[in-house]
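Single-structure report; data block below.
The values are calculated or read from the model by the stated rules, or taken from the named source; none is laboratory data. No experiment lies behind these values; they were computed from the predicted model shown. Cβ placement follows ideal geometry from the backbone for every residue including glycine, while neighbour counts extend to all protein chains displayed. Side chains are part of the model used for accessible areas, which takes the heavy atoms of the whole protein and leaves out ligands, DNA and RNA. Shrake-Rupley method; radii C 1.70, N 1.55, O 1.52, S 1.80 Å.
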Amino acid sequence: LAYAAMMEGRYQVAMEAARKIESQIPAEFLEKYVTMADGFMTTPLHVMVRFGKWEDILAEPEADEGRYFSRAERHAARAVALANLGRIDEAREEVELLDEVAGNFTDEWKMGNNPAGDVIAIARAMARGEIAFKSGEKERAFELLREAVAMEERLSYDEPPGWMQPVRHALGALL
């Protein structure tokens, strides 16, 4: 429901559904199966990016230490938010933090049917593209976003998709 509402432009419904996902995954399940369940906990961040809720993204708390996917995704969302707020140096720092956290992924880390590293690579390219665009490096931004589109196309089919924020939407908006 969160993904469908997001694509239909219904922020409130999408956010309510995203928060429901968070609240319905038992903490003990998340802890035991973090490598496969953590990716679904990032749905609120995707909704906020989709609707440009920059300040809300920056207010989101950091996930627990062992939740690498959530932490990496939060850094990506923060990078996009900070770039859109004109805080370019801070946005670049968030991408560096994303890389540090993503370095903890092992082969067991998944987002649905896809390796977590493949999904986070899209997040990284999208964040770097937004930063480049907001820095006035438009051609570099388009190059990075087109790379992210290609990465997104290589993901295995999944419902919801492994990467919920279609890169083509960001690319189209910036073009």
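Given the condition more than 14 Å from E55 (Cα to Cα) and part of a helix (DSSP H, G or I), answer yes or no: does some residue in the stretch 79-89 qualify?
yes
Is there a residue being more than 16 Å from A2 (Cβ to Cβ), within 14 Å of the chain's Cα centre (by Cα) and open to solvent by 50 Å² or more (accessible area, probe 1.4 Å) anywhere in the stretch 45-55?
Within the stretch 45-55, one or more residues are more than 16 Å from A2 (Cβ to Cβ), within 14 Å of the chain's Cα centre (by Cα) and open to solvent by 50 Å² or more (accessible area, probe 1.4 Å).
With respect to W109, determine if the residue is under 14 Å from the mean Cα position of the chain (by Cα) and of a type in the set (F, W, Y).
So W109 fails the test.
Kindly provide the set of residues from the stretch 92-121 that are part of a strand (DSSP E or B), open to solvent by less than 50 Å² (accessible area, probe 1.4 Å) and touching a helix residue (DSSP H, G or I) at 6+ places or on another chain (Cβ under 7 Å), ordered by number.
Result: M111, single match.
Give the residues of the stretch 77-92 that are charged (D, E, K, R) and under 11 Å from the mean Cα position of the chain (by Cα), sorted by residue number.
Listed by number, the list holds a single entry, R78.
Collect the residues in the stretch 128-156 that are assigned to a loop (DSSP other than H, G, I, E, B), within 24 Å of P115 (Cβ to Cβ) and of a type in the set (G, A, S), keeping them in residue-number order.
Of everything in the stretch 128-156, just one residue is assigned to a loop (DSSP other than H, G, I, E, B), within 24 Å of P115 (Cβ to Cβ) and of a type in the set (G, A, S), namely S156.
In the stretch 14-31, how many residues are touching a residue at least 12 places away in the same chain (Cβ under 8 Å), open to solvent by 50 Å² or more (accessible area, probe 1.4 Å) and among the hydrophobic types (A, V, I, L, M, F, W, C)?
Qualifying residue count, the stretch 14-31: 1.
For the stretch 32-58, give me each residue that is over 19 Å from R74 (Cα atoms) and in contact (Cβ under 8 Å) with a residue 24 or more places away in the chain.
If the condition is that a residue be over 19 Å from R74 (Cα atoms) and in contact (Cβ under 8 Å) with a residue 24 or more places away in the chain, then no residue fits.
Under 9 Å between Cβ atoms, at least 6 apart or on separate chains: pull out the pairs that start in the stretch 104-118 with a residue that is on the phi > 0 side of the Ramachandran plot and end on any residue that is open to solvent by less than 40 Å² (accessible area, probe 1.4 Å) and assigned to a loop (DSSP other than H, G, I, E, B).
Here the result reads G112/L155; G112/D158; G112/P161; G112/G162, each pair linking the stretch 104-118 to a residue that is open to solvent by less than 40 Å² (accessible area, probe 1.4 Å) and assigned to a loop (DSSP other than H, G, I, E, B).
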